[in-house]
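Engineer: Quick one: this structure, given as structure tokens, is what I'll be asking you about.
The values are calculated or read from the model by the stated rules, or taken from the named source; none is laboratory data. Just so it is clear, the model here is predicted, and its values are computed rather than measured. Backbone-built Cβ (ideal geometry, glycine too); neighbour counts: all protein chains shown.
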């Protein structure tokens with residue numbers, strides 16, 4: 001996980017519509033960048049739906065919400081349609097941002113060790129600096145906890 005105070009790595013990744021985005025294009029805005037394992041899985045779907053449901057509350061705080069996984073653009077488009085998602089979802093099939101943001105890790109599930117994306121949420125300030133980092137994310141609570149953090153820390 002990147003440390004608070006670190007310059008956030010830039011990226012060039014396509015969204016669910018195939019439009020390529022970079023972190024630098026969001027200069028001057030706060031970004032909530034969250035990494036998740038897989039589209040249309042129970043936890044990831046709950047997390048995305050909660051962010052979508054609260055998207056206006058993030059917008060009121062001038063925070064842009066962006067999700068990232070290693071799923072394809074086509075998978076993201078289906079994910080967006082299935083849950084009516086109202087934010088940008090980036091496809092990182094080569095894991096460039098996933099690895100740059102230190103979210104590709106060894107994971108244990110049912111006694112088996114594999115490599116995968118560790119659910120992680122970052123908040124990046126207007127200057128591209130990480131001001132919040134959490135890799136102990138509970139999918140269903142993440143959006144609410146991030147709003148609470150923003151309410152306390154961005155006055």
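Engineer: Please go through the stretch 38-49 and give me each residue that is buried (at least 16 other Cβ atoms within 10 Å of the Cβ), farther than 12 Å from residue 119 by Cβ and either touching a residue at least 40 places away in the same chain (Cβ under 8 Å) or touching a strand residue (DSSP E or B) at 6+ places or on another chain (Cβ under 6 Å) (or both), ordered by number.
Structural biologist: Across the stretch 38-49, the qualifying residue is only 39.
Engineer: Looking only at the stretch 50-74, how many residues end up being without any contact (Cβ under 8 Å) to a residue 40 or more places away in the chain and within 19 Å of residue 99 (Cα to Cα)?
Structural biologist: The total comes to 3.
Engineer: Just give me the residues in the stretch 50-72 being closer than 19 Å to residue 17 by Cα and out of contact with any strand residue (DSSP E or B) (no Cβ under 8 Å at 6 or more places or on another chain), in sequence order.
Structural biologist: 52
Engineer: Would you say residue 116 is part of a helix (DSSP H, G or I), at pLDDT below 95 and surrounded by fewer than 18 Cβ atoms within 10 Å (Cβ to Cβ)?
Structural biologist: no
Engineer: Yes or no: residue 86 outside any helix (DSSP H, G or I), surrounded by fewer than 17 Cβ atoms within 10 Å (Cβ to Cβ) and modelled with pLDDT under 95?
Structural biologist: No, not satisfied.
Engineer: Is it true that residue 60 is closer than 24 Å to residue 25 by Cα and exposed (fewer than 15 other Cβ atoms within 10 Å of the Cβ)?
Structural biologist: yes
Engineer: Additional query: Search the stretch 1-37 for residues being under 25 Å from residue 114 (Cα atoms) and in a strand (DSSP E or B), and hand back the single one that is farthest from the chain's Cα centre (by Cα).
Structural biologist: Top of the filtered list is 13.
Engineer: Of the numbered conditions (1) touching a residue at least 40 places away in the same chain (Cβ under 8 Å); (2) more than 21 Å from residue 143 (Cβ to Cβ); (3) not in a strand (DSSP E or B), residue 93 fails exactly one; give the number of that condition.
Structural biologist: (1)
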